[in-house]
Amino acid sequence: MTECVPAITGIGLISSLAPSVQGHWQRVLQLATGIRQVAGEDVPRALRYAGRVDDDGLPPDMPAEVLKQGRLISAGSRLALRAVAEAVHASGLDVLKISPARKALYIGAADDSKGDYQDFYRAFREAAVGSDGAIDAERVNRATLHAVDPFFLLEALTNNLVAFVSRRYQLQGPNTTLASQSPCGAQALDLACRSLLQDEADVAIVVGVCVWSRFVPLFDLDTLGLLSQCREGSTSFRPFDERRDGFIAGDGAAALVLEPLGRARARGARVFGCVRGLAGFTDAGETKNLGVSVETTRRAMTAALDEAGARPEELAFVSPHGIGTREGDRAELSAIAEFLDESRAAIPISAMKPYTGHMGRRATSARSLSR
């Protein structure tokens, strides 16, 4: 059974902190952050700061047939393609030599880069008539035809990424795209691992990507009461701190290449880690601000360690969700303390999101990794 355990042989990462895994590690050691001011004083303080990624270049090895459709590749897909390229390179796999039907792809995605599409705004402004700003439908149609890029819908599709990654690496095996809240990254990882354990694929690529640092997504998040009011600028994001008041959003993408441990060892691959246990639970409780209950969090951790066949005291590190909301952090930390019990003082716990900003669907929930 050990030979079938999903092994991580490739890692790719891009965020506001750095454009590579090694770059992230160096910046983390420097205690740096990618969060910065992205807007002026003409907008509320909560909307002025984000971990925004402005570099939307494509990997240098993109095939010509993919580059021809470059204008259709969304901002999130561009970030994800770079993360996947780094992960595939790190794995040492010649992915194109593997049967397309035996290559799985699972994605947790949220690309809101078109959420504040300015051309629509200009079209509606042009179509407004009268002092009350009433909208004339005919004028809206005419203005939109001339102002809005017809490729807008193709760029905004949730499955924009799966089309380009599949084509780039000839992936025709099990696949899906998940688009919801933060757990999507962990759910995509879970599905990718199951595809290997059930012998549906020889290799699986799992991707998490989120682009939500533009004005309209930030406005929506602030309306929900989730954003920090950034009273101390880029250092305002403080998970589990007494002064916490919400999170600061960030853009980014991460990718993993997974393959059965036996296969990885047979080809002499570097194994970064193995996924021994995974679990996820969702509730519709009475908690505010999209948080989950103490019981739901504790159940996820318990189920993950049960699947791994491990005990809490064997953990070397806990990386919680930690989004900095008053209620969410309280519930999560209470669940961790209850779960670890007497071991809690000996196990390091650190929320990593302040380095990059909260990257939404790229974030993961309860998991258990072991070397």
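The values are calculated or read from the model by the stated rules, or taken from the named source; none is laboratory data. In this text the structure is predicted, and so the values were computed from the model without any measurement. Heads up, the Cβs are rebuilt from the backbone with ideal geometry, glycines too, and the neighbour counts pull from every protein chain shown. Heavy atoms of the whole protein, side chains included, go into the accessibility calculation; ligands, DNA and RNA do not. Shrake-Rupley method; radii C 1.70, N 1.55, O 1.52, S 1.80 Å.
Here are the numbers for this structure:
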| read-out | value |
| --- | --- |
| Conditions (1) surrounded by fewer than 23 Cβ atoms within 10 Å (Cβ to Cβ); (2) in contact with a strand residue (DSSP E or B) (Cβ under 9 Å, 6 or more places away or on another chain): number failed by Pro63 | (2) |
| All positions within region 217-228 that are polar (S, T, N, Q) and surrounded by fewer than 14 Cβ atoms within 10 Å (Cβ to Cβ) | Thr223 |
| Members of region 255-277 found to be in a strand (DSSP E or B), open to solvent by less than 30 Å² (accessible area, probe 1.4 Å) and either in contact with a Ser or Thr (Cβ under 8 Å, 6 or more places away or on another chain) or free of Cβ contacts under 8 Å to residues at least 60 places away in the same chain (or both), listed by number | Val257, Leu258, Glu259, Gly273, Cys274, Val275, Gly277 |
| Members of region 66-76 found to be in contact with a helix residue (DSSP H, G or I) (Cβ under 6 Å, 6 or more places away or on another chain) and open to solvent by 20 Å² or more (accessible area, probe 1.4 Å), listed by number | Leu72 |
| Condition broken by Asp54, with the remaining ones in (1) more than 21 Å from Val165 (Cβ to Cβ); (2) in a helix (DSSP H, G or I); (3) open to solvent by 30 Å² or more (accessible area, probe 1.4 Å) satisfied | (2) |
| Subset of region 96-139 (residues that are assigned to a helix (DSSP H, G or I), surrounded by 16 or more Cβ atoms within 10 Å (Cβ to Cβ) and modelled with pLDDT of 95 or more) | Arg102 |
| Matching option when the condition is free of Cβ contacts under 8 Å to residues at least 60 places away in the same chain and open to solvent by 50 Å² or more (accessible area, probe 1.4 Å), among Glu41, Glu3 | Glu41 |
